[in-house]
Amino acid sequence: MALTNTQPNGIKQIIRNVVTIANTATSGTATIAAVDPAKSLITYLGQKTGTTVPAGVELTNATTVTATRAGTTGIADFPFQVVEYW
(Lines give C-alpha, C1' and ligand atoms only; values in the text may rest on other atoms or scores of the structure.)
Protein backbone atom coordinates (compact mmCIF):
# COMPACT_ATOMS: atom_id res chain seq x y z
CA MET A 1 0.00 0.00 0.00
CA ALA A 2 1.32 3.45 -0.87
CA LEU A 3 0.07 6.96 -0.14
CA THR A 4 1.54 9.74 -2.28
CA ASN A 5 1.39 13.50 -1.62
CA THR A 6 1.95 15.72 -4.67
CA GLN A 7 2.61 18.84 -2.58
CA PRO A 8 6.35 19.58 -2.09
CA ASN A 9 6.35 19.78 1.72
CA GLY A 10 6.28 17.32 4.59
CA ILE A 11 5.64 13.70 3.71
CA LYS A 12 5.97 12.73 0.06
CA GLN A 13 4.77 9.12 0.39
CA ILE A 14 4.12 6.32 2.87
CA ILE A 15 4.65 2.70 1.87
CA ARG A 16 3.55 -0.27 3.97
CA ASN A 17 4.42 -3.82 3.08
CA VAL A 18 5.62 -7.15 4.51
CA VAL A 19 8.85 -9.09 4.02
CA THR A 20 8.32 -12.85 4.26
CA ILE A 21 11.34 -14.89 5.32
CA ALA A 22 11.20 -18.52 4.20
CA ASN A 23 11.74 -21.51 6.48
CA THR A 24 15.51 -22.13 7.03
CA ALA A 25 16.40 -18.62 5.76
CA THR A 26 17.77 -15.73 7.83
CA SER A 27 16.71 -12.94 5.47
CA GLY A 28 14.21 -11.95 2.81
CA THR A 29 13.44 -8.93 0.65
CA ALA A 30 10.47 -6.93 -0.60
CA THR A 31 10.35 -4.59 -3.59
CA ILE A 32 8.75 -1.19 -3.05
CA ALA A 33 8.04 1.91 -5.13
CA ALA A 34 11.20 3.97 -5.57
CA VAL A 35 12.14 6.32 -2.72
CA ASP A 36 15.11 8.58 -2.04
CA PRO A 37 16.94 6.68 0.76
CA ALA A 38 18.52 9.93 1.98
CA LYS A 39 15.04 11.37 2.60
CA SER A 40 13.35 8.22 3.91
CA LEU A 41 12.75 6.57 7.26
CA ILE A 42 11.97 2.87 7.66
CA THR A 43 10.10 1.51 10.67
CA TYR A 44 9.82 -2.14 11.68
CA LEU A 45 6.20 -2.66 12.71
CA GLY A 46 6.78 -5.81 14.76
CA GLN A 47 6.79 -9.46 13.85
CA LYS A 48 3.49 -10.62 12.38
CA THR A 49 3.99 -14.40 12.31
CA GLY A 50 6.65 -17.04 12.80
CA THR A 51 9.38 -17.37 15.38
CA THR A 52 10.03 -14.76 18.04
CA VAL A 53 13.74 -14.14 17.49
CA PRO A 54 15.50 -10.78 17.18
CA ALA A 55 14.84 -9.22 13.79
CA GLY A 56 15.13 -5.99 11.89
CA VAL A 57 14.43 -4.30 8.57
CA GLU A 58 16.67 -2.14 6.41
CA LEU A 59 16.11 0.08 3.39
CA THR A 60 18.76 -1.62 1.24
CA ASN A 61 18.38 0.73 -1.73
CA ALA A 62 15.72 2.90 -3.40
CA THR A 63 13.43 -0.06 -4.17
CA THR A 64 14.42 -2.88 -1.77
CA VAL A 65 13.72 -3.58 1.89
CA THR A 66 15.62 -6.42 3.57
CA ALA A 67 14.51 -8.15 6.76
CA THR A 68 16.87 -10.31 8.79
CA ARG A 69 16.39 -12.59 11.78
CA ALA A 70 18.66 -14.51 14.11
CA GLY A 71 16.92 -17.89 13.74
CA THR A 72 16.00 -20.03 10.75
CA THR A 73 12.97 -21.99 11.95
CA GLY A 74 9.60 -21.44 10.30
CA ILE A 75 8.20 -18.91 7.88
CA ALA A 76 8.05 -15.39 9.34
CA ASP A 77 6.41 -12.14 8.19
CA PHE A 78 7.98 -8.78 9.02
CA PRO A 79 5.74 -5.75 8.38
CA PHE A 80 7.37 -2.38 7.78
CA GLN A 81 6.62 1.21 6.83
CA VAL A 82 8.76 3.56 4.74
CA VAL A 83 8.07 7.29 4.96
CA GLU A 84 9.70 9.44 2.29
CA TYR A 85 9.95 13.19 2.88
CA TRP A 86 10.28 15.96 0.29
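The values are calculated or read from the model by the stated rules, or taken from the named source; none is laboratory data. Just so we're clear, the structure is a prediction, and the values are computed from it rather than from any experiment. Quick reminder, even Gly has a Cβ in these numbers, built from the backbone with ideal geometry, and neighbours come from all protein chains shown.
May I ask you to list the residues in the range 45-66 that are assigned to a strand (DSSP E or B), of a type in the set (A, V, I, L, M) and modelled with pLDDT of 95 or more? Passing the criteria: LEU59, VAL65.
For the range 5-32, filtered to residues that are assigned to a loop (DSSP other than H, G, I, E, B), within 30 Å of THR73 (Cα to Cα) and not β-branched (Val, Ile, Thr), the residue that is farthest from the chain's Cα centre (by Cα) is ASN23. Being in contact with a Lys or Arg (Cβ under 8 Å, 6 or more places away or on another chain) and modelled with pLDDT of 95 or more is a description that does not apply to LYS12. For first residues located in the range 28-55 and among the acidic types (Asp, Glu), partners that are modelled with pLDDT of 95 or more and assigned to a strand (DSSP E or B) and lie 6+ apart or on another chain with Cβ distances below 7 Å form the pairs ASP36/GLU84. For the range 67-86, taking the residues that are farther than 12 Å from THR20 by Cα and not β-branched (Val, Ile, Thr), the one that is modelled with the lowest pLDDT is identified as GLY71. Selection of first residues in the range 75-86 that are closer than 7 Å to SER40 by Cβ and without any contact (Cβ under 8 Å) to a residue 12 or more places away in the chain and of second residues that are of a type in the set (D, E, K, R) and assigned to a strand (DSSP E or B), restricted to Cβ pairs under 8 Å at least 6 apart or on distinct chains, gives an empty result.
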